[in-house]
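Have a look at the structure below, then the notes.
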Amino acid sequence: NHERTIARTWIKYNKPVTPQQSDNAAGNNSSSQIPPNYAHGGFLMALGLRGHLSLLTATDLTDYLTQGTITTTVGIFLGMAANKRGTCDPATSKMLCLHIPSLLPSSFIPMELASTVQASAVAGIGLLYQGSSHRLMTEFLLNEIGKHPIKDQSNNDREGFSLLCGLSLGMVNLQKGTSTVCGLEDLRIEERLHKYISGGAEISDSRRQKGVTDAAISASHESGRNSRVYEANAINRDITAPGATVALGLIYIKSHNKSVATSLVLPDTHFQLDYVRPDLLALRVISRSLIFWNDVEPTPEW
């Protein structure tokens, strides 16, 4: 028997009918419109996880991104990133970066993208650049974890977006904590992640050394401040702590680094427990277990 393989034409012919095509077929009769097929996004992501989306051409991907639903876009992003995991493929990287406003030049016309599309693009960056310690992506993800809301753009799902930035940061620098990555020392990744977990003032010493005054810093914040969300110049650790905790766990996975794990210790008094959210406690336990990988044992004591 010949082994069955999935071809490009098979993927294309299993594409659902779009609302525009249903309108043309029905003569613009609204009573016979076909509802959007949201399940097709999961179908495409599954094909990517199995390594079949590499058969599609750039034109095929453009058709999916322009004519499909949001879930189709999410499926394409995650599927293609999983298909090219760890390769830093330039074509896939361009596709993902075009849907992340922070990576676009200032001369580009601002685009209103759904928060789920931006989050899936960031998650795809983590898969695509897995273990590469890519400087541009590392610096971008590190800044995005603690990014303030800009002007009056949509702020939906800020917590989820920051968490995905931390997850992708950990994937890009997966298990790189045991050795210093050349070219990333000035980013002070560990120090800034600790700051995101503990909170406090956002102004760094490096900016003060460059002669940037408090008045100039506050003026720059005022120019792009959101009129609905006020966070002053302090780090909102309710937003930044989950992503930073996950990033530390992935970067220092299996390292048994006690100095890093000290920032993830659980409060030892009931009074201190009242100041830490339960979900953050769970993330700290998970990250500490990733760091002390060999200490995890299937015993009642553990």
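The values are calculated or read from the model by the stated rules, or taken from the named source; none is laboratory data. Note that the structure is a prediction, hence the values are computed from the model and not measured. We place every Cβ from the backbone using ideal geometry, glycine too, and count neighbours over all the protein chains shown. Just so you know, the surface numbers come from the protein's heavy atoms only, side chains and all, with ligands and any DNA or RNA stripped out. Shrake-Rupley method; radii C 1.70, N 1.55, O 1.52, S 1.80 Å.
When ranked by the protection proxy of mean other Cβ atoms within 10 Å per residue, highest first, what sequence do the peptides 8-14, 162-168, 235-241 form? It would help to have the intermediate numbers written out before the result.
Working: 8-14: 12.6, 162-168: 26.4, 235-241: 21.0.
Ranking, from highest mean packing down: 162-168, 235-241, 8-14.
When all protein chains stay in place and ligands, DNA and RNA are ignored, the 1.4 Å accessible-area order of H99, H134, largest first, is H134, H99. Under the combined filter of DSSP loop state and at most 10 neighbouring Cβ atoms within 10 Å, region 101-167 retains these chymotrypsin sites (Phe, Trp or Tyr not before Pro): F108. E191 contributes about 110 Å² of solvent-accessible surface, heavy atoms of the protein only, 1.4 Å probe.
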